[in-house]
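Derivation of every value follows stated rules applied to the coordinates shown; laboratory data play no part. Predicted, not measured: the structure shown is a model, and the values here were computed from it. Here the Cβ is made from the backbone with ideal geometry for all residues, glycine too, and neighbour counts use every protein chain on show.
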Amino acid sequence: MNLSRMSTSLYDAPGLLYVGFNQDQGCFAIGLNTGFRVYNCDPLTEHSRNESEEGGISIVEMLYRTNYLALVGGGRNPRYAPNKVVVYDSKNTKPVFELEYKSEVKNVKLRKDRLTVILQNKVYVYHFSMPPQLLHTFETCDNEKGLAAISTLPNHAILAIPGKRKGYVQTIDLNTLGYYASTESEQLPPLLTQPTHDPNTRTTVNVSMIHAHSGKLNCLSLNQDGTRCATSSDKGTLIRVFDTTTGTLLHELRRGVDRAEIYSIAFNSESTRLCVSSDKGTIHLFNLDPSVVTEQKLRGPVYGEVPAQTVSSPNGLTHSGNRGSSLSFMKSVLPKYFSSEWSFANAKIITESRCLVSFGSQKNTIIAICADGSCYKFSFDPKKGGECSRESFERFLKRE
């Protein structure tokens, strides 16, 4: 979450430019006017820091828990030019290489075998080696926020970026780009792997298009193996989940009825639940699989009584185990709103600060990293849902 590109809030911690999780969501990094820091999520502990008078960092993309990070300069005194990506070795405290572009870098995504750089209207994909090998360039519509998501499992390399047309998502199988890490070098550190490629073999890049929304995309996310893509538009009332292979709409989830800005969407490791944060200061949790919910009574929003024979699922909820209108049995004659799936659980951020969310390492927990420098841990009841319990509240960045 690049805070320097969003409207500021009175609650923002001074000098905080960026907050982002690593690929397994067990750590997070922050960019500051003075450098960057890395933290462990649970328990919240500072892992490392690199701060000096050299200037600010507006993007810090971690590579799992390795010593390599991708940095982009920013803030009032950028450490590096905003049109450069610097791959940095935090163990030896020095840059490894840098890539320069004609325009500002909006985002960077890393896998052990791929380096993806997002600009306003272009996306560059490299084999992550020394030196990096450019594999392909993709065009997008205006992407000021640098929207991009990448799968994290070793054998599934899926990239999701905006399409050329508003409201579209293009999903790309990065393994069809031609270069790959040789099996002999799988255990070697990143940047030491040597790409292999048969120049006589022509490959067809596998790209799929999904028409996700009629409006402009505001947020997108992939599950770990890249088989599911969740999106929201600039309206922020609906979250849609698609099958990336077929483009089929699997779920349409309602955050609310008022316009909102969605800050983050995250799948759990089993892809059975989704958590969403927005500028309303509320984190919403949705079920994507009915098998995770056991018997319980129908819960709101309630607009009328449902005859017992009309309940569509054994537990009284929607098919996926989320809350639903009690008038959903009349969805064929009522507006679409009444057939919506609502979150089965929710959590509240005290200051309504901008935040990123993920599922915690402990079962039935979520972690929220906020722009005011705070870190929340909530637990939820997988059977009853409702209001989450706050397990902890700590500050990783204190106001001076």
State, to one decimal in nm, how far the label point of Val257 lies from the label point of Asn155, with both points 7 Å from Cα in the Cβ direction. 4.8 nm
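Count neighbours as other Cβ atoms within 10 Å of each site's Cβ, and list the trypsin sites (Lys or Arg not before Pro) in segment 24-115 that are DSSP loop with at most 15 such neighbours. Don't skip to the answer; put the middle values down first.
Details: sites: Arg37, Arg49, Arg65, Arg76, Arg79, Lys84, Lys91, Lys102, Lys106, Lys109, Arg111, Lys112, Arg114; in loops: Arg65, Arg76, Arg79, Lys91, Lys102, Lys106, Arg111, Lys112.
In loop regions of segment 24-115 (DSSP not H, G, I, E or B), the sparsely surrounded trypsin sites (Lys or Arg not before Pro) are Arg65, Arg76, Lys91, Lys102.
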How long are the three semi-axes of the equivalent ellipsoid for segment 340-382, computed from the Cα gyration tensor as the root of 5 times each eigenvalue, in whole Å, largest first? 19, 14, 8
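Which value does Rg/Rh take for segment 1-143 over its C-alpha atoms, Rh per Kirkwood?
On the way: Rg = 14.6 Å, Rh = 15.3 Å.
Ratio of gyration radius to Kirkwood radius for segment 1-143: 0.95.
Subtract the Cα-Cα distance of Asp24 and Asn83 from 0.36 nm times their separation in residues, and report this length gain in nm to one decimal.
Numbers: separation 59, 0.36 × 59 = 21.24 nm, distance 2.75 nm.
Computed gain between Asp24 and Asn83 is 18.5 nm.
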FRET efficiency estimate (nearest 0.05) - Cβ-Cβ, Asn67 to Lys384, R0 60 angstrom: 0.90
dims of segment 225-268, Cα set, principal axes, largest to smallest, nearest Å -> 31, 18, 16
